[in-house]
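The next block holds one structure in the form of structure tokens; read it before the comments.
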Amino acid sequence: MPNIVIDYSKTLDARINIESLLDALHESALATGIFQRSAIKVYARPFTYARTAGEKAEFLQVCVHMFEGRSTEQKAALSDALFAALDKACPTDIEIAVEITDIEKASYRKRTL
């Protein structure tokens with residue numbers, strides 16, 4: 001953990017290098033000192049269809065899922081670091097956002113290889 005998930009408008013593939021963004025978000029999360037390199041996972045999910053206020057709109061949102069127990073300050077530092085990477089990579093006419101979500105360890109299940 002964390003799982004960093006980028007949800008974005010598929011049309012942005014022509015405007016943003018998503019592979020580079022994956023790397024930038026990974027490095028930004030690592031630079032916070034909160035996580036070990038091997039624990040950070042970054043995924044991207046393009047959405048073909050999206051609406052904002054009933055209109056077609058491009059968007060890019062990062063959702064971070066991580067185990068509970070981090071302080072508010074750590075979460076804010078992570079959010080700031082990821083937002084800075086997004087802000088640098090994305091044109092200014094695209095709405096961007098970062099959301100941090102805690103996962104309750106008691107209810108989490110995973111099969112490991």
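Maximal additional length on extending the I103-L30 stretch stands at 24.4 nm, based on 0.36 nm per residue less the C-alpha distance. Kirkwood Rh, the chain, all Cα pairs: how many Å? Kirkwood hydrodynamic radius for the chain: 14.8 Å.
By how many degrees, between 0 and 90 and to the nearest 10, does the Cα long axis of helix 18-31 differ from the longest principal axis of the chain? Helix 18-31 sits at roughly 30 degrees to that axis. Take each peptide in 84-93, 21-30, count the other Cβ atoms within 10 Å of every residue, and average; sorted highest first, the result is 21-30, 84-93. What angle do you read, to the nearest 10 degrees and between 0 and 90, between the alpha-carbon axis of helix 72-89 and the longest principal axis of the chain? Tilt relative to the chain: about 30 degrees.
A short reminder: the numbers here are calculations on the coordinates, not readings from a lab. This one's a predicted model, so the numbers in the text were calculated from it and none came from an experiment. In this analysis, Cβ positions are derived from the backbone assuming ideal geometry, glycine residues included, and neighbour counts consider all displayed protein chains.
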